[in-house]
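Have a look at the structure below before the remarks.
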């Protein structure tokens, strides 16, 4: 009886039907997918170079090529991790973090007043506040429970829509409804819905942490 009480897992509440609990993964760092995520961040260097050129020397075209390469690498590193069973906690952090750094840095560049059609400052702030909130919330859950909060399909869809919005501003596209400001409002819709779901996830984790602490106090 004493041995059961001293087991750490006995202090945690049983899993609920609120199916957000990530599976435990090894914490190996040097894997091919993780290195690809890090390399993707460094692609920002040629991206900014080409964006600075703009229409001159086909700068915008080559900027889109770099973006496409980063997008493909983002898809491939996840496939490699799953197919070759090298999924790690580090990878589950690095992959979405690289995406957020990419989109955040690109959004800051596109919001510069010197650009012909700058990204609205309020939309830039919305993107940055969303990403910082998710990162801080995920860090809090990891510190308290050792759980890595991963991006779900809605979060990935939101990142994709934001990426399409930034591409619109990069090329200043205006094709029917596919134009910069329309994409901004569509992005806001996705950000609001995904933000609400992230909020529910963090509330769920917080309530379980509170229940675990209360249960531990009772057992003590």
Discussion item. If a paramagnetic tag sat 7 Å from the Cα of residue 116 along the Cα-Cβ line, which residues of segment 152-185 would have the backbone N under 16 Å from that point?
Written reply: 167-175, 179-181
Item to complete: Measure off 7 Å from each Cα along the Cα-to-Cβ vector at residue 85 and residue 154, then give the distance between these two points in nanometres to one decimal.
Response: 3.3
Item to complete: Distance between Cα centroids, segment 48-116 to segment 125-184: provide it in whole Å.
Response: 13
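Could you state, as a whole-number percent, how many of the C-alpha pairs of segment 27-219 are farther apart than 30 Å? Intermediate values should be presented prior to the final figure.
On the way: 4974 of 18528 pairs.
Everything past 30 Å amounts to 27 percent.
Values quoted throughout were computed directly from the atomic coordinates according to the rules given, and no laboratory measurement underlies them. Because the structure is predicted, anything quoted here is derived from the model rather than measured. Backbone-built Cβ (ideal geometry, glycine too); neighbour counts: all protein chains shown.
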